[in-house]
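Chemist: Have a look at this one before I ask anything.
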């Protein structure tokens, strides 16, 4: 878990945190086998009471995500920066989608929408033989001439990693020439089995080349919040404590990134996303990371606000705000969702939060799919053990599965728990859920919807409207032919192929 | 009296088809995107041997931010990791194919490769041949992203299926059976509806059609009958020509090349007569179909005229089209010849191979007997926006038939934007067509509803 900002390439998650992408069992077992509750167990696999975390790996896999997609989604969303995809043209195929999400986020944050700017070096066969660095130089010049950005990010690709392009030699030259940070982000897809390594790659690069070292001033009322492209719910919430918010990375400016070192503390709504940033800012820049469960439901949000208040000496304001929010929100939550059964499928840190919120809403939840599992986070403080918090506060989860968003497993996963609705993130799975007749609530657009006290109300409303949409899903399911073999659809164990392989 | 629009000879983008420079605002996928050409065939599933994000990126860009067409994602992938880079991925691919046979049900599997196996030199052919020997319906195509875009990948995948799967099937010619090679599935936002309309037209004059891709095709059975067709019809400015030549060589099958996909009655009538003559169909049957279609078509156009003739002043008169060669040519012809609009700027972004460009230019020079248009080739969105901003649209608000990337420029120019190509981010497209008789009516509806919205 060492953080080393001197090297250009960040260690991937499986090396730093022991991240796995295949597991199936009870939440309590997973917690017991992970780093927060058992030490030195991550590197080897076996059975036994003291917990060895065993990864399930099967022969059949469907297209997953890569680290570079995450880097694209973050770097091209920095408002005054340009992203260069140093790659063949396919790596930037998602650019239009990233742009749609960027434009929507600028609108959510009250800004005039513009386009996210990305340039592909468009490497071809010839470049694979002779190297692509000259095209990279051309693209950086193009970025400067066309857009006068305040920073340029370079996302590397599998192809440039294999042919061994010396990206840094070009970025160093150009940085000197243009006087702005030209930031290589090493995120070759093949180098990590899980896309969340992309968060670490972009954060590492920002910490190395953009965050101000030894800042001349500190901003004692400023809190860094690591977000995706959701609404800014944090500014109004933390204003009650007299705090200002520095939202990064999506739709931030380069200056927002530079001043990360000046803030009083850092926090997030998703510790999978924020693990590296928070720990590195604490270790290398002296900005403390908030040590509490994430802000979902009453329990999490209370604890999160109190932890922030403690670090910033605002305990009285915090207690007043907590009391007033309880008084405002509690009466609105009648037990309308009791007896409804939910399922959560998303990245791990986010899933922990959403499950907490659902259980406070009275939803029955005995299964969840998490797209990966980090046995520990970079900052190994027990207060940040989100899985432990979840179990201690709300009880066990009978079927907790870890799998990298594999469509073929979704039938068997859902059949096992038979939910009324599924809260889900990331493309591909929610249409399939709906073809299976399960109402799907995708949290794609506004990732901040379930966060905080208001999140309970908003999430509840969304669930009610999605349950009404069931008519569509049920009709669809009755008219769907799936391309899977009958024998697989009848398989009760979603991990049967992996278990056979052991 | 005809009008030849005057155009400021503004800066043309540098054309270096052999050296493609960096690209801002990508408008297509890489060769691996041709996984969707396989997926476009009924009950065919691509198996992708590539890095972990490659397949999902191509899939989402083609099926989602492109008219939100959808496509039921199921593609297996090796999600190649460090191990496959260092030690090679052939074993992993074999393992994936073997397990796929137990999970997925398909008439044909098409293995497509990404940059990783193509760079480290996996012998994919040998892996796949082992399965072919076991009579598993499976072929492979090398589609590493550095080899080109999804247009190139499409021809590679198509020819792989022909050579490795169709093979030496019966060559007994069936008169009146035609293989259709036209729009690129998924890349063209409206491919499903368009291919269905083209099939309807060709059947209308008495042909039987192997559409090969999409819901109006019966799938693999059609592919197996490719060698029996009387001829191949390449209905596009350039895509499909390589395949048609390949078939000519392989099966001695002739082909007819019609560069402009017909939109509206003038074009469609000419197209059907041309095909009818090539296929040696009795003229009477062709004419009868055209007459019946025109009767319906003009019935609707009569209604449209009430609006079109009365609202002249508020309506745009100069237009630009930005997109893939097939649609830029087809739509320009329709707007000029049928609606009498003035072509102000035509930009082709799908990077047609150098050898086809002069022929494409010639098509635009002769867009109608009295109108000529220029055409620019560039794949770079920044240059597209620059060209649009430099264009003389006269004193009226311009009409832009372009993509989601032109939203900002359209706002700046106070233009009316109709998204007709990838990425179409503000469109939801199910069965809509823009071609033939029926598609033309839909396109008119779309254009003028957009105009009236303001």
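Chemist: Cβ contacts < 6 Å: first residue within 16 Å of residue B:50 (Cα to Cα) and not assigned by TED's automatic domain parsing to the domain that holds residue B:106, restricted to the range B:61-77; second residue at pLDDT below 95 and buried (at least 20 other Cβ atoms within 10 Å of the Cβ), any location; separation 6+ or different chain. Result?
Modeler: Close Cβ pairs (under 6 Å, with a partner that is at pLDDT below 95 and buried (at least 20 other Cβ atoms within 10 Å of the Cβ)) do not exist here.
Chemist: Can you name the condition, by its number, that residue B:442 falls short on among (1) more than 14 Å from every other protein chain (Cβ to nearest Cβ); (2) assigned to a loop (DSSP other than H, G, I, E, B)?
Modeler: In the conditions (1) more than 14 Å from every other protein chain (Cβ to nearest Cβ); (2) assigned to a loop (DSSP other than H, G, I, E, B), residue B:442 misses (2) alone.
Chemist: While we're on this one: Which condition number in (1) closer than 15 Å to residue A:424 by Cβ; (2) more than 19 Å from the chain's Cα centre (by Cα); (3) within 14 Å of chain B (Cβ to nearest Cβ) is the one that residue A:405 fails?
Modeler: (2)
Chemist: Pick from A:442, A:419, A:431: which is touching a strand residue (DSSP E or B) at 6+ places or on another chain (Cβ under 7 Å) and within 14 Å of chain B (Cβ to nearest Cβ)?
Modeler: Working: A:419 fails: within 14 Å of chain B (Cβ to nearest Cβ); A:431 fails: touching a strand residue (DSSP E or B) at 6+ places or on another chain (Cβ under 7 Å).
Answer to the selection: A:442.
Chemist: Run residue A:135 past the list (1) under 30 Å from the mean Cα position of the chain (by Cα); (2) buried (at least 22 other Cβ atoms within 10 Å of the Cβ) and report the number of the one that doesn't hold.
Modeler: (1)
Chemist: Please specify each residue of the range B:103-123 satisfying the condition of being under 23 Å from residue A:497 (Cα atoms) and at the interface with another protein chain (Cβ under 7 Å from one of its Cβ atoms). Can you show your working first?
Modeler: To start, the set of residues in the range B:103-123 that are under 23 Å from residue A:497 (Cα atoms) comprises B:103-111.
Across the range B:103-123, the qualifying residues are B:103, B:104, B:105, B:106.
Chemist: Could you check, for the range A:51-64, whether at least one of its residues is closer than 30 Å to residue A:403 by Cα, in contact with a strand residue (DSSP E or B) (Cβ under 6 Å, 6 or more places away or on another chain), within 13 Å of chain B (Cβ to nearest Cβ) and surrounded by fewer than 16 Cβ atoms within 10 Å (Cβ to Cβ)?
Modeler: Checked against the condition, which is being closer than 30 Å to residue A:403 by Cα, in contact with a strand residue (DSSP E or B) (Cβ under 6 Å, 6 or more places away or on another chain), within 13 Å of chain B (Cβ to nearest Cβ) and surrounded by fewer than 16 Cβ atoms within 10 Å (Cβ to Cβ), the range A:51-64 yields at least one hit.
Chemist: If only one of B:392, B:380, B:351 is over 18 Å from the mean Cα position of the chain (by Cα) and within 14 Å of chain A (Cβ to nearest Cβ), which one is it? Break it down into steps so the answer makes sense when it comes.
Modeler: On the way: B:392 fails: within 14 Å of chain A (Cβ to nearest Cβ); B:351 fails: over 18 Å from the mean Cα position of the chain (by Cα).
Matching residue, one of B:392, B:380, B:351: B:380.
Chemist: Just one of (1) farther than 14 Å from residue A:346 by Cβ; (2) assigned to a loop (DSSP other than H, G, I, E, B) trips up residue A:411, so point out which.
Modeler: (2)
Chemist: In addition: Any residue at all in the range B:393-404 that is touching a helix residue (DSSP H, G or I) at 6+ places or on another chain (Cβ under 7 Å) and part of a helix (DSSP H, G or I)?
Modeler: Checked against the condition, which is being touching a helix residue (DSSP H, G or I) at 6+ places or on another chain (Cβ under 7 Å) and part of a helix (DSSP H, G or I), the range B:393-404 yields at least one hit.
Chemist: In the range A:469-502, what count of residues is obtained for those that are more than 13 Å from chain B (Cβ to nearest Cβ), farther than 21 Å from residue A:56 by Cβ and surrounded by 13 or more Cβ atoms within 10 Å (Cβ to Cβ)?
Modeler: 5
Chemist: Moving on. Among A:388, A:339, A:367, A:362, which is surrounded by fewer than 24 Cβ atoms within 10 Å (Cβ to Cβ) and closer than 28 Å to residue B:59 by Cβ? Reasoning before the result, please.
Modeler: Numbers: A:388 fails: closer than 28 Å to residue B:59 by Cβ; A:339 fails: closer than 28 Å to residue B:59 by Cβ; A:362 fails: closer than 28 Å to residue B:59 by Cβ.
Checking each option against the conditions leaves just A:367.
Quick grid of which residues meet (1) at pLDDT below 95; (2) under 24 Å from residue B:154 (Cβ atoms); (3) touching a helix residue (DSSP H, G or I) at 6+ places or on another chain (Cβ under 8 Å):
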| site | (1), (2), (3) |
| --- | --- |
| B:47 | no, yes, yes |
| B:52 | no, yes, yes |
| B:58 | no, yes, yes |
| B:63 | no, yes, yes |
| B:74 | yes, yes, yes |
| B:78 | no, yes, yes |
| B:100 | no, yes, no |
| B:117 | no, yes, yes |
| B:129 | no, yes, no |
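Chemist: In addition: Say we look at the range B:175-195 and pick out the residues that are in a helix (DSSP H, G or I) and in contact with a helix residue (DSSP H, G or I) (Cβ under 8 Å, 6 or more places away or on another chain); which of these is surrounded by the most Cβ atoms within 10 Å (Cβ to Cβ)? Please lay out each step first, then the result.
Modeler: Of the range B:175-195, the ones in a helix (DSSP H, G or I) are B:191-195.
Restricting the remaining residues to those that are in contact with a helix residue (DSSP H, G or I) (Cβ under 8 Å, 6 or more places away or on another chain) gives B:193-194.
Working: B:193: 24, B:194: 27.
Here the residue is B:194.
Chemist: All but one of (1) within 25 Å of residue B:385 (Cβ to Cβ); (2) more than 18 Å from the chain's Cα centre (by Cα) hold for residue B:445; which doesn't?
Modeler: Failed condition: (1).
Chemist: Which ones in the range B:34-67 are part of a strand (DSSP E or B) and at the interface with chain A (Cβ under 7 Å from one of its Cβ atoms)?
Modeler: So the first thing to find is which residues in the range B:34-67 are part of a strand (DSSP E or B), and the list is B:44-49.
B:45, B:48 - these are the residues of the range B:34-67 that are part of a strand (DSSP E or B) and at the interface with chain A (Cβ under 7 Å from one of its Cβ atoms).
Chemist: I would also like to ask the following. Considering only the range A:177-219, state which residues are in contact with a helix residue (DSSP H, G or I) (Cβ under 8 Å, 6 or more places away or on another chain), buried (at least 24 other Cβ atoms within 10 Å of the Cβ) and closer than 16 Å to residue A:275 by Cα.
Modeler: A:194, A:195, A:196, A:197, A:198, A:199, A:200, A:201, A:202, A:203, A:204, A:206
Chemist: Under the condition of being in contact with a strand residue (DSSP E or B) (Cβ under 8 Å, 6 or more places away or on another chain) and in a loop (DSSP other than H, G, I, E, B), which residue from the range B:315-330 is farthest from residue B:394 (Cα to Cα)?
Modeler: Of everything passing the filter in the range B:315-330, B:324 is farthest from residue B:394 (Cα to Cα).
The values are calculated or read from the model by the stated rules, or taken from the named source; none is laboratory data. What you see is a predicted model, and the numbers here were worked out from it, not measured in a lab. As a convention, Cβ positions derive from the backbone with ideal geometry for all residues, glycine included, and neighbour counts pool all protein chains shown.
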